[in-house]
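Worksheet for the structure shown next.
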Amino acid sequence: MVGVGFTSFLGGLSESAILVIVTLTADSLIRQANDITLGPITMTRTQAVAAAVGLVVLRVCMTTTSAWIASRFAASVMHTAQQSILSSYLHTSHVGRSAKQVGDLTAIAVNHGRFTGDMANGYTMVATGICGLIAFGGTSIAVSPLATLAIAVLGGIMLACLRPLRSRSKRAADDFASSSRELSTTLTEVETLHREIEVFHAADRVEEELTEQIDDSSSKYRRIRFLSSTVPQLFQAAMLGAAVLSLLLVVNNPESVDLAAIGAVVLLLVRSMSAAQQLVMANQRVIEFSAYTTTLRRSMEEFDEARSGFGTESPATLMPVKLAAVEFTYDGDQLVLKGLDVALHRGDLIGVVGPSGAGKSTLVELLLRLREPTGGSLTSGGVATHEIAPEQFARKVAFVPQHPTLITGTVADNVSFFRDVPEARIREALVLAHLADEIDALPDGIHTRLGADDRALSGGQRQRLTIARALAGDPEIIVLDEPTSALDAISEEAIRRALDELRNDRIVIVVAHRYSTLRSCSRILVLRDGHIEIDAGPDEVAKQSDFFQAMVGDDAG
């Protein structure tokens, strides 16, 4: 900002001097005089023209330098804003991320981050306008203090009259930023649900609802554009009025200035109006984009408040895993998990079953340390899980989600998943996931590029690829959430064999609704109404649990 202000001020002084030299040179031609006087300096017309040329070069250099500094500053601010919100999002807790809607991060980081850069550019334009006004005003004072005082007084009065419009512009900018964010989120949801929209033939209804949001956003955009265009024009009109008044004062007091001074004042006032209009437009730009910056800052604060506070313990092993009287509630009132007491040991292949709403997903989130128990204790390797260092926990614990999601990159990129995993380990993980031969059959093997919804792999292959991703770090604890729910019998059998082999020297926890997935389990936990109803082997559970009996019957049918 200092650099922009300094170069703008020097450029303004250069332009002011050029205008005065041009005016005095024209006056000397009218008077047929050979010399002109600029303050204490007297020079010939030729010298004056040469000085004006030098000043033009200086003006161009200062303008270019100011623009370069301003663009670099705006880009730096945008980069910082986007980097900061991304860092806050990635380092907040699962609870903090879950509080945001799908698409919110994209809208904030991309759009709000860019608009924050635009606001920074607006501030540099404000600095340019202010310094230009100071330069032109200072020169005008030197030429005619009376005219300068007149325009300053009238301009200040008109600015005060326009202040309510500034408040309306701020409210309009806030409203438009909010509606734009909501529209962005809705559009992201439409992209995510495009299959459902097609299947349920809901396109017309979706279009109606989106059209309403677009209409609302357009109305608010129209309002802010009107204010953004009107306020600078009104200010320009005010400055024109000030110029007219100042000229009247000068004309009515001819003894105070000469004709050359009057001409110089006119040129400086006209140029001052341009600088003043730029200042007002820049101020409108700052007002318009400040709403986006405010939203970005608030989101960062929310993420930072929900930042995870894990410890620094690094136990040699995270086994066994023990839950003692574990409870959990989302709202502080209704318990989702109630007094869970269970121990998981090396070599266990644990199946977790239960009706919808029994607490299975919540248990998974506790085991993965995405949430913390609100009662009781959860320990791994004898250490409270929240006291274990994040790096240690990430190396020892892995997760396979119900719906496999690939990243844009190679097979190897998808297995390593932003970690430094040697190629030999990637291949070993693919072997453990019973996927190596199928990957080798691809055109470029593990270097074959895939997309987020790539069709080069079947559903079962994508699921086994996420299992390979989990195994790439050689974890001690693996949690799988419904890994076979949408697979055919052949793919399910391949995953079941992989699970059976994974139990060696590990703890494997599988949440499932299909008995065929649970046949190899050493133990099965039956959850009902937030507590463990049964903890036993498959045969014993089949005798005691009516829910499990029904699940076995459905699977057999």
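The values are calculated or read from the model by the stated rules, or taken from the named source; none is laboratory data. All values reported here derive from a predicted model rather than from experimental measurement. Glycine also receives a Cβ, built like all others from the backbone with ideal geometry; neighbour counts cover every protein chain displayed.
Any residue that is charged (D, E, K, R), modelled with pLDDT under 85 and either farther than 25 Å from residue 381 by Cβ or assigned to a helix (DSSP H, G or I) (or both) - is there at least one of those in region 439-454? Yes, that holds for at least one residue. Of the residues 384, 394, the single one that is of a type in the set (Gly, Ala, Ser) and touching a strand residue (DSSP E or B) at 6+ places or on another chain (Cβ under 8 Å) is 384. Only one of the numbered conditions (1) touching a Gly at 6+ places or on another chain (Cβ under 8 Å); (2) of a type in the set (Val, Ile, Thr); (3) closer than 18 Å to residue 292 by Cα is not met by residue 188, and that is (3).
No other residue among 400, 336 is assigned by TED's automatic domain parsing to the domain that holds residue 514 and farther than 25 Å from residue 425 by Cα apart from 336. On the stretch given as region 365-380, residues that are at pLDDT below 95 and out of contact with any His (no Cβ under 9 Å at 6 or more places or on another chain) total 0. The one condition from (1) in a helix (DSSP H, G or I); (2) farther than 16 Å from residue 87 by Cβ that residue 310 does not meet is (1). Does residue 500 fit the bill of being in a loop (DSSP other than H, G, I, E, B) and in the same structural domain as residue 351 (by TED's automatic domain parsing)? No; evaluated as a whole, the condition is false for this residue.
Residues that are closer than 24 Å to residue 545 by Cα and among the hydrophobic types (A, V, I, L, M, F, W, C), at least 2 per element: which helices (runs of 4 or more DSSP H) completely within region 322-419 meet that? Steps first, answer last, please.
Working: elements: 360-367, 390-396, 411-416.
Here the list reads 360-367.
Would a scan of region 460-470 turn up a residue that is in contact with a Phe, Trp or Tyr (Cβ under 8 Å, 6 or more places away or on another chain) and either modelled with pLDDT of 80 or more or surrounded by fewer than 20 Cβ atoms within 10 Å (Cβ to Cβ) (or both)? Looking for residues that are in contact with a Phe, Trp or Tyr (Cβ under 8 Å, 6 or more places away or on another chain) and either modelled with pLDDT of 80 or more or surrounded by fewer than 20 Cβ atoms within 10 Å (Cβ to Cβ) (or both), one finds at least one in region 460-470, hence yes.
Output the residue which, of all residues in region 88-105 that are in a helix (DSSP H, G or I) and charged (D, E, K, R), is farthest from residue 190 (Cα to Cα). It comes out as 97.
With respect to the stated conditions, residue 487 is surrounded by 19 or more Cβ atoms within 10 Å (Cβ to Cβ) and modelled with pLDDT under 80. The residue that is surrounded by the most Cβ atoms within 10 Å (Cβ to Cβ), among those in region 320-370 that are within 36 Å of the chain's Cα centre (by Cα) and closer than 16 Å to residue 397 by Cβ, is 363. Quick one: in region 50-67, of everything that is within 15 Å of residue 4 (Cα to Cα) and of a type in the set (Gly, Ala, Ser), which residue is surrounded by the most Cβ atoms within 10 Å (Cβ to Cβ)? Step by step, filter region 50-67, then rank; the result is 66.
Here are some residues: 379, 374, 448. Which one is over 19 Å from residue 470 (Cβ atoms) and out of contact with any helix residue (DSSP H, G or I) (no Cβ under 8 Å at 6 or more places or on another chain)?
Details: 379 fails: out of contact with any helix residue (DSSP H, G or I) (no Cβ under 8 Å at 6 or more places or on another chain); 448 fails: out of contact with any helix residue (DSSP H, G or I) (no Cβ under 8 Å at 6 or more places or on another chain).
Unique residue meeting the criteria: 374.
Quick check on residue 410: is it buried (at least 16 other Cβ atoms within 10 Å of the Cβ), free of Cβ contacts under 8 Å to residues at least 60 places away in the same chain and in contact with a helix residue (DSSP H, G or I) (Cβ under 9 Å, 6 or more places away or on another chain)? Taking the combined requirement at face value, the residue satisfies it. Would you mind telling me which numbered condition in (1) at pLDDT below 80; (2) touching a helix residue (DSSP H, G or I) at 6+ places or on another chain (Cβ under 7 Å) residue 159 fails? The single condition residue 159 does not satisfy is (2). Selection over region 517-557 of residues that are surrounded by 15 or more Cβ atoms within 10 Å (Cβ to Cβ) and among the small types (Gly, Ala, Ser) gives a count of 5.
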